[in-house]
1. Which net charge results for the neighbourhood of Ser463, defined as the other residues with beta-carbon distances under 9 angstrom from its beta-carbon, given Lys and Arg at +1 and Asp and Glu at -1?
2. Where Rh is the Kirkwood radius over the Cα pairs of the chain, the temperature 37 °C and the viscosity 0.692 mPa s, what D in µm²/s does Stokes-Einstein return?
3. Which of the residue pairs Lys267/Lys439; Lys490/Lys595; Lys20/Lys62; Lys20/Lys265; Lys234/Lys407; Lys331/Lys490 have a Cα-Cα distance greater than 28 Å in the structure shown?
4. For the chain, take the longest principal axis of its alpha carbons; what is the angle in degrees between that and the long axis of helix 262-272, to the nearest 10 within 0 to 90?
5. I'd like the distance separating the alpha-carbon centroids of the stretch 204-253 and the stretch 282-332, in whole Å.
6. Show me, for the stretch 197-212, the HN-Hα J-couplings you get by feeding each phi into the Karplus relation (A = 6.51, B = -1.76, C = 1.60, θ = phi - 60°), rounded to Hz, glycine and proline as x.
7. What does the extension gain come out to for Asn93 and Ala539, with contour length at 0.36 nm per residue minus their alpha carbon separation?
8. How far, in nm, would the chain grow between Ser656 and Lys193 when pulled straight, counting 0.36 nm per residue and subtracting the alpha carbon separation?
Amino acid sequence: MSTARAMAALYEEKKQVTSKYVHATSRGHEAIQLAVGMQLLPQDFLSAYYRDDSILLAIGLKPYDLMLQLLAKVEDPFSGGRTYYSHPSLNDNDKPKIPHQSSATGMQAIPTTGVAMGIQYREKQGLASYNGENPVVVCSLGDASITEGEVSEAFQMAALKQFPILYLIQDNEWDISAHASEIRANDATGYAKGFHGIEVRTIDGTDFETSYRTVHEVLKTIRKERRPFIIHAKVPLLNHHTSGVRMEWYRDDLEESWARDPYPKLKQNLLDAGVTTSEIETIEEETRLTVENDFKLAVESPDPQPEDLLTHDFAPTPVTEEKGVREPADKEPTVMVDSALFAIQELMAKHNECLLYGQDVGGRLGGVFREAATLAQKFGDDRVFNTPIQEAFIIGSTVGMSAVGLKPIVEVQFADYIWPGLNQLFTEVSRSCYLSNGKWPVSCILRVPIGAYGSGGPYHSSSVESVVCNIRGLKIAYPSNGADLKGLMKSAYYDPNPVVIFEHKGLYWSKVPGTEAARTIEPDEDYMIPFGKSRCALAAEDSKVDAGESLVVVTYGMGVHWALNAAKSFPGQIEVLDLRTLHPLDEEAIYAAAKKHSKCLVVTEEPVSNTFAQSIAARIQENCFEYLDGPVRTIGSVDMPAIPLNSVLEQAMIPSVEKVRVAIEGLLAF
Ligand SMILES: Cc1ncc(C[n+]2csc(CCOP(=O)(O)OP(=O)(O)O)c2C)c(N)n1
Ligand SMILES: [Mg+2]
């Protein structure tokens, strides 16, 4: 406690140096934090909040380690200088494991609850083996953060499924400058009453002995009984909110808060227990010197170099070549939806770490598109199960599942409903590998049924790939046929990174006229396609290319089928390049085709302005300008806010074979 106090004092004293990057300290919260940190074991998982530097000290980190992050130095053990003070991520053998911690308050609740879900899964499947006691998961939260919606998704799941997790809520009654009286109808203890099955302890978090004893009892129970708890610890905030938002600007409760300082309380307890004043002074002096010395060393340590920017966006994948047999002999073509189903079935049979969850994917229905039909019957309700309508939980929990070595395949029911989960995809899933400096890549597959057909209407038809492509740190597939879907699903499974697979609903059963090419022979079990390799879906004839009468259509998903059908009007003249994956993108093949044909059309189903497709057109112009004999055109849906329900309006909105044909005709005329 003396160390934490000395650090906060030194950061303040040296604020010219320390406030270059923002930081917050635990002053006032130390007693409860130390009580938690001291009782965690290496097999445990911890999500530490940005105010939890005392927890980090208690699990064995040195002031020097923390100061390297304070100053964003390259040797910062958590992120190599990429993220703020007290935003840990750690995978050391001798300490509790800390997956990547974002700065978005409350957002840690879902990934961390995902860890507890993963631990429970491993225990149920016989995949757990521990050195000593059962692990616990601790998720630390501020009182204001638990007013956020996503936290309720996490509590709901922990209560429902009885996960082995402790939510530590440090209640200082402040949300920066907003006081509890303005922002909550209930405190943590009252709020928790709605989550039956989570047991609550409400304590004075400034008293070390009370804190230690309560944490001891709760952790012991969780280790044994495998169920969730909340510790609601009341604490004063004794320092600035952060180095940038200073207490003197707005705090009217400082005097009263300082009267609750845990430090003199602990000192008094020690004196009462027979420790002498001079022993305490020695500790204070030693810690002050350590902190000063560590600070000097941290200041002198090197900054990252510009080239350090470019590491760990992804973990390396083992799948770099096409493998297996794409078209085994003596097989009939299968609909695309079944190719995906068979891929997952094979993966689940082979790997106990593989599980599938989402809305309605469980045994009763097997997915609203029957895309998971029979899987629960084959693999049991613990491996294939329904979730509540919680897209944030579905997506964000994969961070935790992956951290315990599982490979979750999850789905949102329609692309239109990816939005409630998009925050988790951006804030937690996509950045974990990069911001943990490669320690915690998130290995998961997110299936997203997408696309318009047959009057799905405004909330079951939308295309969203450009938004997802804008999130760096994700791999993204958008296959146009069953063989590619199966091969990419397999490759996604063995990829240690997060993968989003868009699956066009209109191609699932080839119900849209002209999409028969989506039905393919089912590839064999070993078949895999590396990400970033496009496929020539239709080649042009050399004579037409040589005569300058050819054109390439660059597209993906349903666009491939519009292009293949439109190409029938221009025999031998059209190449159709099916991208298959949007990230990584096969730029080499795109530019080679653009240079070969000198004319390019990019086709997308999205409303065309500001799309991924337009960015492809821009890249072609930038890289192939000298080779082009016409503008690179992009066609897509009309720029309207939604796809209307009425079938006439739907058709008017989205591209079609005819619209693509007209665009090709126009371009060929150049
Ligand atoms: C999602 C999100 N919105 C806003 C912020 C800005 N912000 C940083 S800390 C904070 C207050 C958090 O209060 P609390 O959870 O009670 O923690 P305390 O600082 O009191 O320990 C806010 C609003 C953020 N980091 N994340
Ligand atoms: Mg607070």
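Each reported figure results from applying straightforward, stated rules to the coordinates on display, with no laboratory input. Keep in mind it's a predicted model, so treat the numbers as computed, not measured. Cβ placement follows ideal geometry from the backbone for every residue including glycine, while neighbour counts extend to all protein chains displayed.
1. -3
2. On the way: Rh = 27.1 Å.
The estimated diffusion coefficient comes to 121 µm²/s.
3. Working: Lys267/Lys439 39 Å; Lys490/Lys595 32 Å; Lys20/Lys62 21 Å; Lys20/Lys265 33 Å; Lys234/Lys407 38 Å; Lys331/Lys490 20 Å.
Pairs exceeding 28 Å: Lys267/Lys439; Lys490/Lys595; Lys20/Lys265; Lys234/Lys407.
4. 40 degrees
5. That distance is 30 Å.
6. Result, ordered by residue: x, 9, 8, 10, 10, 10, 9, 7, x, 9, 9, 4, 5, 4, 4, 4 Hz.
7. That works out to 155.2 nm of additional length.
8. Values: separation 463, 0.36 × 463 = 166.68 nm, distance 5.41 nm.
Roughly 161.3 nm would be gained on extension.
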